[in-house]
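The values are calculated or read from the model by the stated rules, or taken from the named source; none is laboratory data. Treat the numbers as computed from the prediction; the structure is a model and nothing was measured. Cβ placement follows ideal geometry from the backbone for every residue including glycine, while neighbour counts extend to all protein chains displayed. Note: accessible area is taken over every heavy atom of the protein model, side chains too, but ligands, DNA and RNA are not part of it. Shrake-Rupley method; radii C 1.70, N 1.55, O 1.52, S 1.80 Å.
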Amino acid sequence: MSHHIPGQPVTAVVQRVEIQKLRQGDNLILGFSIGGGIDQEPEHNPFSEDKTDKGIYVTRITPGGPAEKADLRIGDKIMQVNGWDMTVVTHDQARKRLTNKKEGVVRLLVTRKSLEEAVKHSMGNGPKQ
């Protein structure tokens, strides 16, 4: 068991998620919403761990949509989209990269809080930093 040392990043696992966009008329639907970006106030981001993290996070997932089918989860932090770095982009740049009409598939690299952390949080033990 690894113990969480204050000041150390929370254990996160890296997941690869491939989403097949759903075509609706002229639109390609991903079925999720994002929050964050270097131009946004990170304290408004409920998923930002230390409130200075300006990363792009998944904030909403459409039930039964492509993202849910691909097992993307709320709170996932998007690190890359089809090889593009997403750690230092504006909200708009992130959206544009995700909704690129030329791409029917998006390959995401996300980090997700590890199960161990999720279990700890749900049990509510350990001081919250």
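Against the criterion of being modelled with pLDDT of 95 or more and farther than 16 Å from Thr99 by Cβ, Asp71 qualifies. Flag: His121 does not match the condition of being open to solvent by 30 Å² or more (accessible area, probe 1.4 Å) and at pLDDT 95 or above.
Residue pairs whose Cβ atoms lie under 7 Å apart, separated by 6 or more positions or on different chains, with the first residue in the stretch 19-44 and free of Cβ contacts under 8 Å to residues at least 60 places away in the same chain and crowded, with 19+ Cβ neighbours inside 10 Å and the second assigned to a helix (DSSP H, G or I) and hydrophobic (A, V, I, L, M, F, W, C), are Gly31/Ala67; Phe32/Ala67; Gly37/Ala94. Checking the condition within 14 Å of the chain's Cα centre (by Cα) and of a type outside the set (S, T, N, Q), which residue from Asp53, Asp92 passes? Going through Asp53, Asp92 in turn, just one is within 14 Å of the chain's Cα centre (by Cα) and of a type outside the set (S, T, N, Q): Asp53.
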